Every structure is written in C-alpha cells, then in structure tokens.
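**Q** Here you go, one structure.
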Amino acid sequence: MQQRFLGRTGLRVSRLGLGTLTWGRDTDEHEARDQLVAFTEAGGTLVDTAAGYGEGAAEELLGRLVGDVVRRDDVVIATKAGIGRGRGPRTTDTSRGHLLATLDASLRRLGVDHVDLWQVHTWVDDTPLEETLSALDYAVTTGRASYVGVSNYRGWQSAQAATWQRAVPGRATLASNQVEYSLLNRRAEAEVIPAATALGLGVLPWSPLGRGVLTGKYRHGTPADSRGASPHFSGFVGGYLDARAARVVEAVARAAEGLDWSPLEVALTWVRDRPGVTAPIVGARTAGQLRGSLTVEGYELPAQIVAALDDVSGDPAA
C-alpha cells in the first residue's frame, strides 16, 4: 500500500487507515485480530482508535494485539481524547488535566510508552483553546506522543489552532484534522480542506463510506446484521437514508457496474484521491468487510466518473 506524509510533517502513513470504533463491542477479539492481520499484510500502517471507543475497550483490544499479531514498529498508532460516555450521555472535556490523564490511561491500555499521533477528539467552546493546545505541547515534549492533531474541527477552528501553534517556536505543530468526509457529506470541502491545505494539516476522513450507506447495502431495506439495525448506530446511519442519499448511492452503483467494481470500491477510491486527503479511516465489523476495502489499492477512477459523482453529490455544503 502506498505511503503518504501526514500534512507537512515527516510522519508517513498508509493511504488507508484502519478504524477501531466497534472493537471491543460489536467486533470481538477474533475478528479484530483477523482485521489487523489483513490490514498489515496489505501494507497498511495507520491504525486509529480513541479513548472514548467502548470507553477504552477498543484501545485495550488493540493493545493486546500489538506485539502479538504485529510488531509495534510496523503500525502507526493514532488515538484521541476529549469525548467520553461512561454510564450516561456523551460528555466532552478538552481541559489540560483531563486530556493528559486520558492520554496516560490510553498508554496503559495500549501497552505502549508513546503513541505516534494523539488527537483532540472535538472542539469545546467552554475551554480556552490555548489550554487545550498546551496539553498537546506537553505530550510531545514528554515523549508521550510523536505527533499531534485535532479531530472534528471546523475550518476556522483548525486554522486558529494551527496558527497558534506556529506563532511561537517550540510548540507542537499540528499534523492533521480528522473529519467526516464522503460523497454523502462534502462539507469539509467548503472550509476544512482549504484551511488544512494552507496550514499544512493532513486530512483524515472518517466515515468515508457515508456511514456504510455508500456500499449499497441499504438500497432495499436495512439488513438485520448491519449497523443500521444496531442499537448503537441506527440513528447514526439513519441520517443518510433520505432521498438525496439514495440518488448518490444509485449513481455510485451505476458507476460500479460500468467499471466492474463494487460500490464500496467506487466510493472509497473517490474520497481517497480527493485533494488534501491523506488517508480515509475505514471501519469494518468483520475482517471480510475490511478485505473488501483493501482491494482499492491499485484502483483509480476515470475522470468522467469523478465528474459525474461530483455533480450528483451536489453542493459540498449540503
């Protein structure tokens, strides 16, 4: 698998990332093991997780597999802090103390002395930005993280954060912004990607398959074994089961038929090769599903199909 630099840093990552959102909950250790083996055997290196995934269960599972299934040096471990759920509703906290305590807990669960990329999982209005960013500086200077980034930051938010970090020598430069981006959600093109390009941040799209909808599996209903039928994700997927999404999915399906590809391969290749994108993060419930994504390495969409998909997916801000 080809490697790309993450933004204007020296960190090389595979141009597809492996997501672990469901690990430790919907994806058991056997499936996670098979996914990690399949991903690394295909040349993948970037493995993305978060302290909030399964309230640490995903990190614990990844920690058990690194060193057993793959060598530590063969993977780029990325994790995030700032979003949690505990036993109640979702909470956000990007205060310095909380972020650093979360990072230390992540390192214990992962069984490593540092992560390759540590990301603030979300913007929080009530916390001074300079306090949040000071946690990133501390993580790098103490060796807990090699590189740092943000996630789910809007264009102006990422620009403000990146500019702050560049203002004084010695601060940790932001490497990336991880945001939702797919044919069903092109909002990142309006401000996020231009800001990232101008300030040297790599873009890591999450849900590059439109929360699974772009695979075409929901064209004729909701499969019982799909995320759309899961109590954890039904609302998450349901937002993309409207008429506009259906038009985009049908266009993807027609393109796939003409190319003799799968709809997944069309949708994933489209977002992987967008300007500013470093590596889409692909999540799968099973190893079989993941292998369907790993087939795109040698694929490139014809320009005519790219133009057609751009047209049918409409206004990037929609």
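**Q** Of the numbered conditions (1) under 19 Å from the mean Cα position of the chain (by Cα); (2) closer than 27 Å to A135 by Cα, G88 fails exactly one; give the number of that condition.
**A** Going through (1) under 19 Å from the mean Cα position of the chain (by Cα); (2) closer than 27 Å to A135 by Cα one by one, G88 breaks only (1).
**Q** What number of residues in the range 160-185 are buried (at least 20 other Cβ atoms within 10 Å of the Cβ) and either touching a helix residue (DSSP H, G or I) at 6+ places or on another chain (Cβ under 9 Å) or assigned to a helix (DSSP H, G or I) (or both)?
**A** 11
**Q** From the list G292, G228, G221, which one is at positive phi and either in a loop (DSSP other than H, G, I, E, B) or modelled with pLDDT under 95 (or both)?
**A** G221
**Q** What's the number of the only condition in (1) modelled with pLDDT under 95; (2) in a helix (DSSP H, G or I); (3) out of contact with any Gly (no Cβ under 6 Å at 6 or more places or on another chain) that V237 fails to meet?
**A** It fails just one condition, (3).
**Q** Within the range 112-120, does at least one residue satisfy the condition of being within 18 Å of I83 (Cα to Cα) and either among the acidic types (D, E) or more than 22 Å from the chain's Cα centre (by Cα) (or both)?
**A** Among the residues of the range 112-120, not one is within 18 Å of I83 (Cα to Cα) and either among the acidic types (D, E) or more than 22 Å from the chain's Cα centre (by Cα) (or both), which makes the answer no.
**Q** Only residues that are outside any loop (DSSP other than H, G, I, E, B) and either touching a strand residue (DSSP E or B) at 6+ places or on another chain (Cβ under 8 Å) or of a type in the set (K, R) (or both): list them for the range 196-218, please.
**A** Within the range 196-218, A196, L199, G202, V203, L204, P205, W206, L214 qualify.
**Q** Which of the residues spanning the range 265-306 are under 22 Å from T197 (Cα atoms), surrounded by fewer than 18 Cβ atoms within 10 Å (Cβ to Cβ) and among the hydrophobic types (A, V, I, L, M, F, W, C)?
**A** Within the range 265-306, V306 is the sole residue that qualifies.
**Q** For the range 248-282, enumerate the residues that are of a type outside the set (A, V, I, L, M), under 14 Å from E297 (Cβ atoms), touching a residue at least 40 places away in the same chain (Cβ under 8 Å) and assigned to a helix (DSSP H, G or I).
**A** Scanning the range 248-282 gives a single hit, R272.
**Q** Right, here's the next one. Within the range 147-160, restricting attention to residues that are small (G, A, S) and touching a Leu at 6+ places or on another chain (Cβ under 7 Å), which residue is farthest from L204 (Cα to Cα)?
**A** A159
**Q** Tell me the residue from A42, A57, A50, A38 that is surrounded by fewer than 19 Cβ atoms within 10 Å (Cβ to Cβ), within 23 Å of V150 (Cα to Cα) and small (G, A, S), please.
**A** Exactly one residue qualifies, and that residue is A57.
**Q** Can you work out which of the residues in the range 14-35 that are among the hydroxyl-bearing types (S, T, Y) and closer than 22 Å to S106 by Cα is surrounded by the fewest Cβ atoms within 10 Å (Cβ to Cβ)?
**A** Among residues in the range 14-35 that are among the hydroxyl-bearing types (S, T, Y) and closer than 22 Å to S106 by Cα, the one surrounded by the fewest Cβ atoms within 10 Å (Cβ to Cβ) is T22.
The values are calculated or read from the model by the stated rules, or taken from the named source; none is laboratory data. If you're wondering where the values come from, they're calculated on a predicted model, not measured in any experiment. Using ideal geometry, Cβ is built from the backbone for each residue, glycine included, and neighbour counts are taken over all protein chains shown.
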